[in-house]
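The numbers here are math on the coordinates, done by the rules we state, and not lab data. Here the structure is a predicted model, which means the values were calculated and not measured. Positions of Cβ are generated from backbone atoms using ideal geometry, with glycine treated the same way; all protein chains shown enter the neighbour counts.
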Amino acid sequence: MGLANILVVENERITANDIKKSLEKAGYYVPAIVSTGEDAIKFSEKYKPDLVLMDIKLKGKMDGIEAAETIGSKFGIPVIYLTSYSDDNTVERVKTTHPSAFILKEPFGFLHKPFEENELCTAIEIILNRNNEENRLKNHDKLLSSSLKAITDAIIATDQDKKIKFINSSAEKLTGMTEEELIGKNLHEILPDLELKSTSEDFKDIVNGEVKFNSKPDVKTPVEGTITPIKDENGLNNGLIIIFRNM
């Protein structure tokens, strides 16, 4: 993944120049080298780099962890920390402010000085690839959400605990409740009299019967539709999709 733009935020100028040379040798472009958290934020906004290499100990009032938190929240740019310090307090601060720096038990977003050139390039490729995949999934989710919202049938999606994480406008109209009111509620709070009739072994069920919505306590609305599980890559149930309509 050459030609990515990488902003270098490093307290020591000699070290920063060495990192810049290594990056350019590997095919990356370095738009700037800065030594303060304030400049890290400023140049992240100006250049919109693909990734920031962030020294934790910086000049000025703001350290690298504080700067990375701002860069991540404001611009969504991934960060790799560079540090000579590995005390428990520093590691915990990194986990708290930038949890995506850690993948499983391997801190690929946390390089200890001195590090080898191949270690740096490996960490960069891992972070960039993961960030691209996350952005792809976010765009896919946005497209899917837009498509589901346009469907005329009422749709509710839940997590594995049956807590609602998505509804479309038709479900809002049918339940008489807004998205803000429904998100996070348990499915059976919204469909307290839900009746399921299993039709196959793959857990695709038929919604059939009268449903009394909490927003209309004195009214029972007859509905019909289907409930289908959301399965992850391992085939485990990760939630439910409920599609139903007013009969």
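Points worth noting:
- Multiplying the residue separation of Lys74 and Thr122 by 0.36 nm and subtracting their alpha-carbon distance yields 14.7 nm.
- Using a Förster distance of 22 Å, the FRET efficiency for Asn186-Thr228 (Cβ separation, nearest 0.05): 0.75
- Listed by Cβ neighbour count within 10 Å, with the fewest neighbours leading, Ser73, Ser35, Ser44 appear as Ser73, Ser35, Ser44.
- Distance between the pseudo-spin-label points of Tyr29 and Ser84 (7 Å out from Cα toward the beta carbon): 3.3 nm.
- For the pair Lys48 and Ala4 in one chain, pulling the backbone fully straight at 0.36 nm per residue adds 14.8 nm over the alpha carbon distance.
- Applying 0.36 nm per residue to the separation of Asp161 and Phe115 and subtracting their alpha-carbon distance, the gain on full extension is 12.2 nm.
- Between Glu179 and Thr15, the distance separating the two model label sites (each 7 Å from Cα on the Cα→Cβ line) works out to 4.5 nm.
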